[in-house]
Amino acid sequence: MFLILGMGWAFILVVLVGLGFIIGLIIGLGLLFLIVGSLNSVITAWLWFKVKSGLGDLLLHGLVLFIVLLIVNGISAIVLNLVFPGIAATVISFIVAALADGFAAKSVAKWWEQEYEEEIPKAIEAEWKDKDL
């Protein structure tokens, strides 16, 4: 009896660990995308322009930025190291990738640029009201 219950318990344990692994992986990737999106939003707001900062916006921002950086770094590192193997290629790919990453991060952040209406000065607004515009 103990053997049958032990085997059943072991099977259930394997299923639960497998599900926990998948759930943990999803949570971990979600946090990674959230952190990447948040960092890019903060740096972009500090250097250039304001970016939307909702939770969904940051999560999607991080996901898109992660994919774009994966493509850019994959191309710059793999192609350069295949053509010129060695330490010099590694240093050059690091410099090229840093510039390309910055450009890609700013380009992705433009998709989430915060739009705001410019305030109309009260003098102009009063003038428009006088003319019934």
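The values are calculated or read from the model by the stated rules, or taken from the named source; none is laboratory data. What you see is a predicted model, and the numbers here were worked out from it, not measured in a lab. Note that each Cβ is placed from the backbone with ideal geometry, even for glycine, and that neighbours are counted across all protein chains shown.
Of the residues making up segment 63-78, not a single one is part of a helix (DSSP H, G or I), modelled with pLDDT of 80 or more, out of contact with any Pro (no Cβ under 7 Å at 6 or more places or on another chain) and surrounded by fewer than 10 Cβ atoms within 10 Å (Cβ to Cβ). Taking residues in segment 29-43 that are more than 13 Å from Ser53 (Cα to Cα), and partners anywhere that are of a type in the set (A, V, I, L, M, F, W, C), the pairs with Cβ atoms closer than 7 Å and at least 6 places apart or on different chains are Gly30/Leu59; Phe33/Leu59; Phe33/Leu63; Phe33/Phe66. Any idea which residue in segment 79-133 is surrounded by the fewest Cβ atoms within 10 Å (Cβ to Cβ), counting only those that are among the hydroxyl-bearing types (Ser, Thr, Tyr) and at pLDDT 75 or above? Out of the qualifying residues, it is Ser107. Candidates are the residues of segment 49-62 that are part of a helix (DSSP H, G or I) and buried (at least 16 other Cβ atoms within 10 Å of the Cβ); the one that is modelled with the lowest pLDDT is Asp57.
Any residue at all in segment 35-48 that is of a type outside the set (Asp, Glu), farther than 19 Å from Asp101 by Cβ and either in contact with a Ser or Thr (Cβ under 8 Å, 6 or more places away or on another chain) or modelled with pLDDT under 85 (or both)? No - not one qualifying residue is present in segment 35-48. When we screen Ile27, Ile35 for residues that are of a type outside the set (D, E, K, R) and either on the phi > 0 side of the Ramachandran plot or surrounded by 12 or more Cβ atoms within 10 Å (Cβ to Cβ) (or both), the only hit is Ile35. When restricted to residues that are in contact with a strand residue (DSSP E or B) (Cβ under 7 Å, 6 or more places away or on another chain) and free of Cβ contacts under 8 Å to residues at least 60 places away in the same chain, segment 46-83 contains 0.
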